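None of the figures in this text is laboratory data; all of them are computed from the coordinates on show. Keep in mind it's a predicted model, so treat the numbers as computed, not measured. Here the Cβ positions follow ideal geometry from the backbone for every residue, glycine too, while neighbour counts run over all protein chains shown.
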C-alpha cells in the first residue's frame, strides 16, 4: 500500500501542494485528477522521491518509504525519459537490467511488451523514428518491464488514439491487477472507465476523494422517469421533488422529501411506466462542483 500523509511542497512564499493525504491500495486503480497547476505532478514527484517534501511523509506498506522500495516502482514522469536514438528492444532491456533482471529475462520481457503493443517488428528501430503515440507505448513498457511493485503514471494516455488506449488499459489490467496503481489524467471518461478510487486536487489541496461509486452518489437523489405514451410534465405538480428536466415522456427529478418508492407509486398511478432509475452524477459534473 502506498500512502501520502500530509504532504506539502513550498517554493519560496508559494505553497503548491498543501497537506495532501491519500492511499493507493493494492489491486485498486486510483485516479488523480485536477486542473493544470493543481499540484498533481509535484505530488507524484514527491511520492517517487524526485522532489523532497517540505512537510509530511510517504509510506510504503505502513512504514516510511525507502530508496530501495522506490526503485521497485514503475514510474512514468510528465517529462518522458527515454533515449531518442536507442533501439527499442535494446532500450527496454537496458532499463530492465538496471532494475536487476538477468539479461535473458530482460530480453524476453522486453520482447513480450513490444509484442503486446504491436511493435515487435520495430524492435530495432530507434525511438525518434516512431510516432508520438508509439513512443508513449514504449514509455509505458519501460515502466512495466521490471514487473514493478507499484505504478505511478503521470498522464499515461496523453496522445494515444482510442485503439492504443484500449491496448494500454488491457495491459495495465493484466500487468498491474494486484498492484497499487496511481495515474493522473485530464480524460475523465477514461478515469470513470478504469478507476476504482479517485482523488481530486484543486489549488494544491484534496477537495474530494473516495470510491468512484461513492463520489457519483453524492448530492441529491436524482431519478429518471420514463413513461410510455404519457407526458412527464405532471411531475411538476408532485410535492417532495424538484424537476430538473422534462422532455416529452421523460423527466429527471431530484427527491426533496419524497421516497423512491413513493415516486414509483405516483408514476405508476399516472400511467404506463417504462423506467424509474437512479441517475448518478458523471465525474465531469463532480469535478466542476468541487474545483470551483
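Between residue 55 and residue 82, 0.36 nm times their residue separation minus their Cα-Cα distance comes to what?
6.6 nm
Measure nothing fancy, just the Cα-based angle from helix 103-116's long axis to the longest principal axis of the chain, in degrees from 0 to 90, nearest 10.
Around 40 degrees separate the two axes.
If contacts are Cα pairs under 8 angstrom and at least 6 residues apart, what is the relative contact order of the stretch 5-104 in percent? Numbers along the way, then the final one.
Values: 84 pairs, mean separation 23.4, N = 100.
Over the stretch 5-104, the number comes to 23 percent.
On a C-alpha basis, how far is the centre of the stretch 154-181 from the centre of the stretch 120-150 in Å? Whole number, if you could?
Each part's Cα centre sits 13 Å from the other's.
What spacing in nm lies between the two simple spin-label points modelled at residue 256 and residue 268, each 7 Å away from Cα in the Cβ direction?
In this crude label model, residue 256 to residue 268 measures out at 2.6 nm.
Gaussian network model of the chain, Cα springs within a sub-10 Å range: biggest mean-square fluctuation belongs to which of 232, 143, 38?
Greatest mean-square fluctuation among the candidates belongs to 232.
Taking 0.36 nm per residue of sequence separation and subtracting the Cα-Cα distance, how much length would be gained by fully extending the chain between residue 120 and residue 6, in nm to one decimal?
36.7 nm
Using R₀ = 25 Å, calculate the FRET efficiency as 1/(1 + (r/R₀)^6) where r is the Cβ-Cβ separation of residue 291 and residue 187; round to 0.05.
Once the sixth-power term is evaluated, E becomes 0.95.
Expected output is a single nm value to one decimal: the length gained when fully extending between residue 211 and residue 280, i.e. 0.36 nm times separation in residues minus the C-alpha distance. What is it?
Details: separation 69, 0.36 × 69 = 24.84 nm, distance 1.35 nm.
Additional length available on full extension: 23.5 nm.
Compare 231, 192, 57 in a GNM of the chain, Cα atoms joined below 10 Å, and give the one with the largest fluctuation.
So, out of 231, 192, 57, the one fluctuating most is 231.
Could you work out the relative contact order of the stretch 2-216, using alpha carbon pairs under 8 angstrom and six or more residues apart, expressed as a whole percent?
Worked out over the stretch 2-216, it gives 31 percent.
Relative to the longest principal Cα axis of the chain, at what angle does helix 162-175 sit, 0 to 90 degrees, rounded to 10?
Value to nearest ten degrees: 70.
For a protection proxy built on the mean count of beta-carbon atoms within 10 angstrom, sort 273-281, 152-160 highest first, please.
152-160, 273-281
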